[in-house]
Amino acid sequence: MTYKTVLVHVDESERSNFRVRIAAEIAMADEAHLLGTAVTGVSRFIYQDGNISASDPNLTIHLNFLRERAEKAVASFNKIAQELGVLSYESMIANDEAGGGIGLQARYSDLLVIGQTNHDEPSPSVLSDFPQYLIMNSGRPVLIIPYAGDFTTVAKRPMIAWDTSREATRAVTDAIPLLKRADLVQVAIFNPKAVLDAHGEQPGADIAQYLARHGIKVEVSVHKTSTDIGNALLSLAHDLDSDMLVMGGYGHSRFREMIMGGVTRTILESMTVPVLMSH
């Protein structure tokens, strides 16, 4: 099981080049194709409906501005991919808003790499709920890179937040190509008795056995907490020197509004390491 196509969202944010390098390293490890996609931030449906008038000079100036930003982003992506020696890569610009454009490309990718929302660096082409939207709608694992902090490694010492749910199961399976290259995978279980009969007599034994069959070295730890589990996960990841968190993404959408579960919301807002989420 390997990734064959890794998609990374590129833009003019400060961390764009950083996540391109992470995506490139993952792609090269699996000899996968690396696709860097920038978006203009204008819905493709507006173009299709013919609602954009070329006669409006102010609109033309704004569209040109958005296009130039996207062109600079893909040019930077191409330079980094070439410098790193990525054997198979391409870049593209999607005339769409970020959720729709990247979400559509994700359908044809094995892994999606994006950035955490930074409210101190608003983007003219990316809405603040971009990560939530892709987790819920892309149908692919989403690796979210924090907007702060340096990470010399990713997925060498990952931690799995395991609660036996469908979402967590999907995330673990989606992360296997990364987990197989890890030095050690920590499986963290919080308050196992909160879900009756879900974990069995020995919490973590089944998931550890499943991962071991894939040749993955695993350690399981069980924890009790009466505080917020999201913050408890981040604290444990720090204590274990984890360099990636793997977990299910919980929530649902109501039209464009993303209504996320408490743990998911906490992690998306306060992550200190890259997080791979699947829904």
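Derivation of every value follows stated rules applied to the coordinates shown; laboratory data play no part. Everything numeric in this text was worked out from a predicted model, so none of it was measured. Please note: Cβ atoms are built from the backbone with ideal geometry, for glycine as well, and neighbour counts cover all protein chains shown.
For the residue pairs K4/K180; K180/K224; K79/K156; K193/K217, the C-alpha atoms sit more than 20 angstrom apart in K180/K224; K79/K156; K193/K217.
The alpha carbon gyration tensor of the stretch 158-278 gives principal lengths a ≥ b ≥ c with a/c below 1.5, which makes the shape rounded. Computed from label points 7 Å out along Cα-Cβ, the spacing between S221 and T60 is 6.1 nm.
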